[in-house]
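> Before I ask anything, here is the structure I am working with.
Coordinate-derived values only; no laboratory data. Predicted model, so just to flag it, every value in this text is computed and none were measured. Reconstructed Cβ throughout: ideal geometry from the backbone, glycine too, with neighbour counts over all protein chains shown.
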């Protein structure tokens, strides 16, 4: 098993301090992966190794729509849910800056299979549940 949990990538943590990640101006994407992928906190950029291959899915994934907010001392980023109109199986995902830094690895916990539409549903956009939080 190659997925071992959800990770904020070390490269993203560095990018925050160097100004190399801006959710208001940069393009961020999500790519889907099979259990053959080796993604973890040390993943630094997008990779095709272990990426899903399926009709209706394009290598590199799809563009995400971020929302940045702050509340009660917590800054957070959330994304709109995203779907692909195809049958496929994925074990996890990588959110990354297009042509740049890996942001985070998402482990779905097990293989997830769709027969018509594959959807990644993000948690609610709040200071305690958003996918990326900094306090």
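> How do 7, 23, 12 line up, fewest other C-beta atoms within 10 Å first?
The order, fewest Cβ neighbours first, is 23, 7, 12.
> Counting other C-beta atoms within 10 Å, which of 104, 9 has the fewest, and how do the rest follow?
Ascending Cβ contact count within 10 Å gives the list 104, 9.
> OK, next. Working from the alpha-carbon coordinates of the chain, get Rg over Rh, Rh being the Kirkwood radius.
Ratio value, two decimals: 0.95.
> Taking the highest mean first, how do the peptides 109-117, 94-102, 38-46 order by number of other beta carbon atoms within 10 angstrom per residue?
For the peptides 109-117, 94-102, 38-46, the packing ranking is 94-102, 38-46, 109-117.
> Assuming 0.36 nm per residue, please report the length gained on full extension of the stretch residue 72 to residue 121 beyond their Cα-Cα distance.
Stretched out fully, the residue 72 to residue 121 stretch lengthens by 15.1 nm.
> If each DSSP helix of 4+ residues adds -39,500 (n - 2.57) and the sum is divided by the residues in the chain, what number results at 222 nm, nearest 500 deg cm²/dmol?
-2000 deg cm²/dmol
> If the chain between residue 58 and residue 20 were fully stretched, how many nm would it gain, using 0.36 nm times the residue separation less the Cα-Cα distance?
11.1 nm
> For the pair residue 133 and residue 44, what calculated FRET efficiency results from E = 1/(1 + (r/R0)^6), where r is the Cβ-Cβ distance and R0 = 25 Å, to the nearest 0.05?
FRET efficiency, residue 44 to residue 133: 0.70.
> Taking R0 as 30 Å, what FRET efficiency do you get between residue 89 and residue 10 from their Cβ-Cβ distance, rounded to the nearest 0.05?
0.60
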